[in-house]
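The values are calculated or read from the model by the stated rules, or taken from the named source; none is laboratory data. Predicted model only: the values in this text are computed from it and were never measured. FYI the Cβ positions are ideal-geometry reconstructions off the backbone, even for glycines, and counts take in every protein chain you see. All accessible areas refer to the heavy atoms of the entire protein, side chains included, with ligands and DNA or RNA removed. Shrake-Rupley method; radii C 1.70, N 1.55, O 1.52, S 1.80 Å.
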Amino acid sequence: SGAGEALLFNPAGALVGAAMANAFLLLDGVWTTPARECGARDGVVRAWVLEAVGGREEVIDPEMPRRCRAAFLTNSRIGVRPVEAIDGRPLELACASIRRRYHDEVFSR
């Protein structure tokens, strides 16, 4: 399908994250990431985003990614990377300031 990453859901249908990264979705104006009790990884970049930028952990059902305005992925290798589309639906690239801040705080030391 040309996708660069896949979203993973647990057996109960809740989003866990991406195959190789944690996921953040912009839902109702708030950056939202899957709750750890759903199986989300406790990544260091994920923790940085929650502390530095805020947001919330939540059980994310399969319909929520279909209605998010924007999304980004995090892991120690890629840092903060925007998601351009979900299921072919273009998303806003709304994480540029988070990406810059992460780069400035982590790599500019």
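Details
- Size of charge dipole - the chain - debye, nearest 20, with Cβ of Lys, Arg +1 and Asp, Glu -1, no other charges: 320 debye
- Residues in the stretch 32-44 carry Karplus couplings, in order, of 10, 10, x, 5, 4, 5, 8, x, 4, 6, 8, x, 5 Hz; the curve used is 6.51 cos²θ - 1.76 cosθ + 1.60 with θ = phi - 60°, and Gly or Pro positions show x.
- Normalised per residue, the accessible area of the stretch 6-109 is 56 Å², obtained with a 1.4 Å probe and no contribution from ligands, DNA or RNA.
- With the charge dipole of the chain set up from +1 on Lys and Arg Cβ and -1 on Asp and Glu Cβ about the Cα centre, the Cα lying farthest toward the positive end among the listed residues MET64, ASN22, ILE78 is that of ILE78.
- Applied to the stretch 65-80, the Karplus parametrisation 6.51 cos²θ - 1.76 cosθ + 1.60 on θ = phi - 60° returns per-residue 3J(HN,Hα) values of x, 6, 10, 5, 7, 8, 7, 8, 10, 9, 6, 5, 7, 9, x, 10 Hz, with x for Gly and Pro.
- Other-chain or far-sequence residues with amide H under 5 Å of VAL16's (modelled H): LEU8, PHE9, ASN10
- Prolate/oblate/rounded label for the chain (Cα gyration tensor, a/c 1.5): prolate
- Considering helices alone, the calculated mean residue ellipticity of the chain at 222 nm is -6500 deg cm²/dmol, with DSSP H runs of length four and up weighted by -39500 (n - 2.57) and normalised per residue.
- Neighbourhood charge, 13 Å Cβ-Cβ cut-off, centred on ALA14 and excluding it, Lys, Arg +1 and Asp, Glu -1: -4
- Which of ALA3, VAL106, VAL45, positive extreme of dipole for the chain (C-beta unit charges): VAL106
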